[in-house]
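This report refers to the structure that appears directly beneath it.
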């Protein structure tokens, strides 16, 4: 019940003999009033509805009285007792019960209102906070052992409020940091020192005057909790509105540690505690917004979101290095010489033809959506890892894997609901004829199975593929891949595999401007079928990616698949769509790549993004083809279709749909394409920009007429972009195409940064 200023004024006169002007001011849960006495004294009155948690109010008052007997007395409010000598006045006003407290008014400016937090002020803040924590070591009260929604020890309870955050990107970032708290902090909780702490020394509870702290107010969240929580909360808020947030945090931390030593173990969780505190703050704000419009509930919301986005870009190794070094502990990142030892061991134990990216290899130790963190403290934007489709370590997917792995993992010889649930999710996303699923562990295995099914159905062996295609690493998949069998170490083209022209409108035999290019390229497939017929052979299948990956990041010409499928089906063959790299909404325009061509395949092969990095894949066929394949020989895959994989797949589909990632792929992809296309006007080295959604290729040429591939220029560009924090790779038959296939959470800001840095790098190469 809201208490009026008039009623409070009368109450103060009754219980305190206090005649003061009363003015309502902002408060989080309790009602706050500024009192101005006739003698010029300013006081703060706090009002809570009764019955309240009176033992907890008593703990707050006792803590203030305790600190008033220490050298910090001038920096904490002083209690004004009522006429009965009590700190808390319980009374009834207009039929409602209230608890009233009066405190001295501390002079100073809130940290939140200071345009600049000077180094001197940050240093004094760290020192003063440490002194308060030291002083409270000998304070105790039974009521501080309680559940408190703002106690970091209970931060995981805020997961229940995540759904109040309506913005998809914000919600998943908050969920990510809560997940990291669960993984990195929770296992150490009972090893961390505990103490009674203020627990809420944020930028609206700390007062300052120039370079010194003048006071700490609002002990309303005092708690017996982990000591490191207190400094983590303060660091969180001094990082607000800072261009270099880590620098501000380190300044406070250094001063705190010099006054009151922290342990190396406590520092190891500090980055994750900051992220968790921010997540707690924004989930609370979102929850309160759904309940009312108290502006004080949202006062830090925008700053908290800005810092969460900043924190996501800060490598936790870098943060821990900074924290450790300023406190006199060694950094956690290994010396760079350790990479040489790692490479030596790898050379001894791992096959030499397992390649490593970049001249200076990366040791990636952690991931967060579109960001990757290496062991040296550097952060990279992942612009090429289409396997982590919905983002590295997406909390929804991670939790699905964890929970099912902790419950059960068997095989498809036992009934389990998730197998059927996931099969339905997949088939519901596909055209009606594609209705039966087989699950495998990789795209290679799925392509292998698809060819096996097609050969059984047609009683033919020969398969038509596209030149330069790549379909995987199994024996059969390698036979389907000119990229491999025509390349170094390859065994040459098998007699039962037939290469059709790569339908490349940029440098192929039929190019842009030819309205019949799709049909002309398709005619080459018809030619191969005719040649087979003259040898008394038929075609088992035609297989191709629905946008060509290794072939050069190439969208197919209009009507190409429509014409090819017509030729293949007329010859009795099956049409296989390899969606391993392009499916699940990546192209933006549609959920599946073959939909761009307005066709329906007989078999669809799925992999890579299907499990967001979890090893799983699928083959989806028509009921007729499935019935034919059921010939008495059992199909069994030990791991394909296991409960953990199925729950993973369900989670990925859930994230794509709920977070509207297909839409994001379309909008961000279009934005990226515009930026890259504008670079073409400035840099003749760019021959073409092509793609759909977040499946993008940039072909580099030395000469716009001859189309001479820009190699080794492209290798230098990729290395230089890596040094700038962008992970790219090359593709295409001539290895002159930059491929860009990031996780779908890749943002327009990321796209702008990528284009801006690529622009600078291209200027350097002139």
Quiz item: Would it be correct to say that residue 315 is at pLDDT below 95 and either surrounded by 17 or more Cβ atoms within 10 Å (Cβ to Cβ) or assigned by TED's automatic domain parsing to the domain that holds residue 126 (or both)?
Solution: no
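In the stretch 568-598, what count of residues is obtained for those that are part of a helix (DSSP H, G or I) and out of contact with any strand residue (DSSP E or B) (no Cβ under 8 Å at 6 or more places or on another chain)? Steps first, please.
Looking only at the stretch 568-598, we keep the residues that are part of a helix (DSSP H, G or I), and these are 568-570, 593-597.
Imposing the further condition that a residue be out of contact with any strand residue (DSSP E or B) (no Cβ under 8 Å at 6 or more places or on another chain) reduces the set to 570, 595, 597.
So the answer is 3.
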Self-check item: Residue list for the stretch 404-418, restricted to those being under 19 Å from residue 618 (Cα atoms), in contact (Cβ under 8 Å) with a residue 60 or more places away in the chain and either in contact with a strand residue (DSSP E or B) (Cβ under 8 Å, 6 or more places away or on another chain) or part of a helix (DSSP H, G or I) (or both)
Solution: 412, 418
Practice problem: Answer yes or no: is there a residue in the stretch 491-499 that is in contact with a helix residue (DSSP H, G or I) (Cβ under 6 Å, 6 or more places away or on another chain), assigned to a strand (DSSP E or B) and touching a residue at least 60 places away in the same chain (Cβ under 8 Å). | Solution: no
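Just name the residue that is surrounded by the fewest Cβ atoms within 10 Å (Cβ to Cβ) out of those in the stretch 98-122 that are part of a loop (DSSP other than H, G, I, E, B) and under 36 Å from the mean Cα position of the chain (by Cα).
The initial filter retains those residues of the stretch 98-122 that are part of a loop (DSSP other than H, G, I, E, B), namely 105-108, 114-118.
With the extra rule that they be under 36 Å from the mean Cα position of the chain (by Cα), the set shrinks to 114-118.
Details: 114: 16, 115: 5, 116: 8, 117: 22, 118: 14.
The residue in question is 115.
Residue-by-condition table, conditions (1) in a strand (DSSP E or B); (2) modelled with pLDDT under 95; (3) closer than 24 Å to residue 387 by Cα; (4) in the same structural domain as residue 597 (by TED's automatic domain parsing):
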| residue | (1), (2), (3), (4) |
| --- | --- |
| 402 | no, no, yes, yes |
| 421 | no, no, yes, yes |
| 438 | yes, no, yes, yes |
| 446 | no, no, yes, yes |
| 457 | no, no, no, yes |
| 469 | no, no, yes, yes |
| 484 | no, yes, yes, yes |
| 502 | no, no, no, yes |
Self-check item: residue 396 touching a strand residue (DSSP E or B) at 6+ places or on another chain (Cβ under 6 Å), at pLDDT 95 or above and assigned to a helix (DSSP H, G or I)
Solution: no
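Closer than 20 Å to residue 723 by Cβ, without any contact (Cβ under 8 Å) to a residue 40 or more places away in the chain and more than 27 Å from the chain's Cα centre (by Cα): is that true of residue 343 in this structure? Walk me through it before giving the result.
Values: closer than 20 Å to residue 723 by Cβ: yes; without any contact (Cβ under 8 Å) to a residue 40 or more places away in the chain: yes; more than 27 Å from the chain's Cα centre (by Cα): yes.
The answer is yes for residue 343.
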Exercise. Taking only the stretch 443-467 into account, find how many residues are surrounded by 20 or more Cβ atoms within 10 Å (Cβ to Cβ) and under 21 Å from residue 636 (Cβ atoms).
Key: 12
Self-check item: One residue from 754, 744, 694, 758 being touching a strand residue (DSSP E or B) at 6+ places or on another chain (Cβ under 6 Å) and buried (at least 19 other Cβ atoms within 10 Å of the Cβ)
Solution: 754
Quiz prompt | Filter result for the condition that a residue is touching a strand residue (DSSP E or B) at 6+ places or on another chain (Cβ under 9 Å) and closer than 30 Å to residue 535 by Cα, over 457, 438 | solution = 457
Quiz item: Out of 578, 589, 598, which single residue is modelled with pLDDT of 95 or more and buried (at least 24 other Cβ atoms within 10 Å of the Cβ)?
Solution: 578
Quiz item: Is it the case that the stretch 541-552 has a residue that's assigned by TED's automatic domain parsing to the domain that holds residue 483, on the phi > 0 side of the Ramachandran plot, surrounded by fewer than 21 Cβ atoms within 10 Å (Cβ to Cβ) and assigned to a loop (DSSP other than H, G, I, E, B)?
Solution: no
Quiz item: Quick one: residue 518 ticks every box in (1) within 43 Å of the chain's Cα centre (by Cα); (2) assigned to a helix (DSSP H, G or I); (3) without any contact (Cβ under 8 Å) to a residue 24 or more places away in the chain bar one, so which box is it?
Solution: (3)
Quiz item: Do we find a residue being buried (at least 20 other Cβ atoms within 10 Å of the Cβ) and either in contact with a strand residue (DSSP E or B) (Cβ under 9 Å, 6 or more places away or on another chain) or part of a helix (DSSP H, G or I) (or both) anywhere in the stretch 327-350?
Solution: yes
Quiz item: Could you list, in sequence order, the residues of the stretch 645-700 that are in a strand (DSSP E or B) and under 27 Å from the mean Cα position of the chain (by Cα)?
Solution: 690, 691, 692, 695, 696, 697, 698
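Checking the condition under 30 Å from residue 203 (Cα atoms) and in the same structural domain as residue 85 (by TED's automatic domain parsing), which residue from 10, 21 passes?
On the way: 10 fails: under 30 Å from residue 203 (Cα atoms).
Just one listed residue meets the conditions, 21.
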Exercise. With respect to residue 367, determine if the residue is in a loop (DSSP other than H, G, I, E, B) and either surrounded by fewer than 24 Cβ atoms within 10 Å (Cβ to Cβ) or without any contact (Cβ under 8 Å) to a residue 12 or more places away in the chain (or both).
Key: no
Practice problem: Of the conditions (1) under 17 Å from residue 3 (Cα atoms); (2) in contact with a helix residue (DSSP H, G or I) (Cβ under 8 Å, 6 or more places away or on another chain); (3) in contact (Cβ under 8 Å) with a residue 60 or more places away in the chain, residue 34 clears all except one; give me its number. | Solution: (2)
Quiz prompt | Residue count for the stretch 701-721, restricted to those that are part of a helix (DSSP H, G or I) and surrounded by fewer than 19 Cβ atoms within 10 Å (Cβ to Cβ) | solution = 5
Quiz item: How many residues are in contact with a helix residue (DSSP H, G or I) (Cβ under 8 Å, 6 or more places away or on another chain) and at pLDDT below 95 if we restrict to the stretch 319-355?
Solution: 1
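The values are calculated or read from the model by the stated rules, or taken from the named source; none is laboratory data. From a predicted model like this one, the values you see are computed outputs, not experimental measurements. In this analysis, Cβ positions are derived from the backbone assuming ideal geometry, glycine residues included, and neighbour counts consider all displayed protein chains.
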